[in-house]
Amino acid sequence: MKRIGILTSGGDCQGLNATIRAVAKTLYNHYGNDGIEIIGIIDGYRGLIYGEHRKMKPENFSGILTMGGTILGTSRQPFKLMRVVDENSVDKVAEMKKNYKKLGLDCLVILGGNGTQKTANLLREEGLNVVSLPKTIDNDLWGTDRTFGFQSAVDIATNVIDCIHSTATSHGRVFIVEVMGHKVGWLTLYAGIAGGADIILIPEIPYDIKSVINTIKARTASDKNFSILAVAEGTISKELASLPKKQKKAAIADMKFPSISYKIAQEIEEATGRETRVTVPGHFQRGGSPDAYDRVLSTRFGVAAAQLVIDKNYGNMVSLVNDEVVAVPLQDIAGKLKSVPKDCEVVETARKMGISFGE
């Protein structure tokens with residue numbers, strides 16, 4: 001009998017359960033219910049470290065296609081601490097290897113983002129059979145055109161911007177919608193375009209506040225009584241971007257505002273006299289049911305991951321490349337961030353439409 005472990009790690013997002021379902025159903029369909037045993041690892045790598053798991057049954061994977069979150073639970077276990085023995089003298093890597101062998105696993109299927117993929121590659125280097133899947137609303141995983149969860153988050157962020165339009169128009173206000181994305185701006189870029197934002201600010205393109213203010217003033221001068229900004233939470237100014245790494249980190253830590261959006265809002269009000277409001281949808285962007293696109297993508301990914309297990313093609317992450325689901329070696333993608341190129345086609349599309357990036 002085959003014994004396959006499965007875990008979800010890092011922040012949750014839409015499509016995790018849909019992917020888990022596809023992995024399980026494909027394995028059951030191939031091996032039969034009596035030929036495969038699936039072990040659910042509870043709360044991600046933490047469960048693997050401390051041996052927390054449960055034996056799954058076929059019925060556990062029914063009715064979860066549309067469910068948000070993850071039936072297995074999840075947690076964040078920073079990659080940089082994985083080889084650090086903690087205060088309880090726990091050697092995390094050693095414990096994960098021990099519990100993998102104790103459970104008699106033939107393979108471990110791992111769903112997660114950047115840090116998760118780095119740890120998956122670490123386990124591969126330690127000799128464990130692993131197959132991984134790309135999960136994140138940020139769409140920032142190297143080696144795949146899309147991650148599951150991204151499109152659902154785009155839909156939510158877009159809906160927020162859509163709803164802001166009516167109140168912004170009614171009151172003649174400037175509105176800033178702060179979208180998730182600490183290091184990359186894919187989510188803000190797509191939601192900003194889809195929602196008709198006038199200004200899009202992302203981490204990859206440091207902004208000049210004078211340019212932002214001039215854009216708003218130009219709109220006012222052309223009888224447009226409102227402006228909407230889509231701002232990634234990790235957005236930084238040109239001044240901040242020019243600082244050495246340590247100084248930049250210190251400056252961000254010392255910022256007196258709850259987030260960069262509130263700082264930008266104050267600067268806009270002071271320079272234009274326009275009433276400016278900030279909306280932060282936050283974890284709404286991670287929650288709820290996956291949209292139709294993510295349900296299909298998650299299913300494709302899950303089936304492909306199960307096939308890698310069946311074929312014993314370990315050490316790979318399932319990816320979408322040119323709309324084809326393929327396997328890419330973990331060692332080639334782990335630790336690499338997929339940022340928004342400043343001159344990519346999507347950015348150029350926005351620029352040609354007159355959308356400002358605050359440059």
Q: Convert 4 °C to kelvin, take the viscosity as 1.567 mPa s, use the Kirkwood radius over C-alpha pairs of the chain as Rh, and evaluate the Stokes-Einstein diffusion coefficient in µm²/s, rounded to a whole number.
A: 60
(Q) Residue by residue through the range 52-67, what is 3J(HN,Hα) from phi via Karplus (6.51 cos²θ - 1.76 cosθ + 1.60, θ = phi - 60°)? Round to whole Hz and write x for glycine and proline. (A) 8, 7, 8, 6, 8, 10, x, 5, 5, 9, 9, x, 10, 4, 9, 7
Q. Which pairs in the list 118/342; 245/342; 101/312; 2/25 are over 19 Å apart, alpha-carbon to alpha-carbon?
A. 118/342; 245/342
(Q) Under 10 Å, Cα contacts only: if you run a Gaussian network model on the chain, which one of 99, 313, 29 comes out with the highest mean-square fluctuation? (A) 29
Q.
Taking a cut-off of 20 Å, what percent of all Cα-Cα pairs in the range 240-329 are separated by more than that?
A. 65
Q) For residue 106 and residue 224, what is the calculated FRET efficiency with R₀ set at 41 Å and r taken between the beta-carbons, to the nearest 0.05? A) 0.10
Q) One-quarter of the Cα convex hull surface for the range 144-205, in nm²? A) 4.4
Q | Compactness of the range 1-148 - radius of gyration and Dmax, Cα, Å | A | 14.7, 44
Q.
Taking 2.2 N^0.38 Å as the expected size of a compact globular protein, what ratio does the Cα radius of gyration of the range 11-58 give against it, to two decimals?
A. 1.26
Q: Please name whichever of 24, 218, 287 sits farthest to the positive end of the charge dipole of the chain, dipole taken about the Cα centre and charges placed at Cβ: Lys and Arg +1, Asp and Glu -1.
A: 24
Q: Just the ratio, please: alpha-carbon radius of gyration of the range 180-283 over 2.2 N^0.38 Å, N its number of residues.
A: 1.07
**Q.** Per residue accessible area of the range 1-125, 1.4 Å probe, in Å²
**A.** 42
(Q) Compute the distance from the alpha-carbon center of the range 93-131 to that of the range 181-212, in whole Å. (A) 36
Q | Length-normalised contact order of the chain in % [C-alpha pairs under 8 Å, at least 6 apart] | A | 23
Q: Calculate the dipole size of the chain relative to its Cα centre from +1 charges on Lys and Arg beta carbons and -1 charges on Asp and Glu beta carbons; express the result in debye to the nearest 20.
A: 720
Q | Span-like helix ranges in the chain, DSSP H, alpha carbon extent 24 angstrom or more, Kyte mean at least -0.5 | A | 150-171, 292-310
(Q) If I model a spin label as a point 7 Å beyond the Cα along the Cα-Cβ vector, how far apart are those points for residue 322 and residue 171 in nm? (A) 5.0
(Q) Sort 11-17, 157-163, 231-237 by the packing proxy (mean of other Cβ within 10 Å over each peptide's residues), most packed first. (A) 11-17, 231-237, 157-163
Q | Cα Rg over Rh - the range 172-234, Kirkwood | A | 0.98
(Q) Suppose every Lys and Arg Cβ carries +1 and every Asp and Glu Cβ carries -1, with no other charges. What dipole size does the range 71-166 come out with about its Cα centre, to the nearest 20 debye? (A) 420
(Q) If packing is taken as the average number of other Cβ atoms within 10 Å across a peptide's residues, how do 338-351, 67-80, 181-194 rank, most packed first? (A) 181-194, 67-80, 338-351
Q | Lys, Arg +1 and Asp, Glu -1 on Cβ, resulting dipole of the range 163-281 about Cα centre, debye, nearest 20 | A | 280
**Q.** For residue 176, distant residues with modelled amide H under 5 Å away
**A.** 229, 277, 278, 279
Q. Sorted by mean Cβ packing within 10 Å, highest first, what order do the peptides 214-227, 246-259 take?
A. 214-227, 246-259
Q. With a Cα-only, solvent-free Debye model of the range 21-104, what are the log10 I(q)/I(0) values at q = 0.22, 0.24, 0.25 Å⁻¹?
A. -1.07, -1.17, -1.21
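The values are calculated or read from the model by the stated rules, or taken from the named source; none is laboratory data. Here the structure is a predicted model, which is why all the values come from computation and not from measurement. Quick reminder, even Gly has a Cβ in these numbers, built from the backbone with ideal geometry, and neighbours come from all protein chains shown. Note: accessible area is taken over every heavy atom of the protein model, side chains too, but ligands, DNA and RNA are not part of it. Shrake-Rupley method; radii C 1.70, N 1.55, O 1.52, S 1.80 Å.
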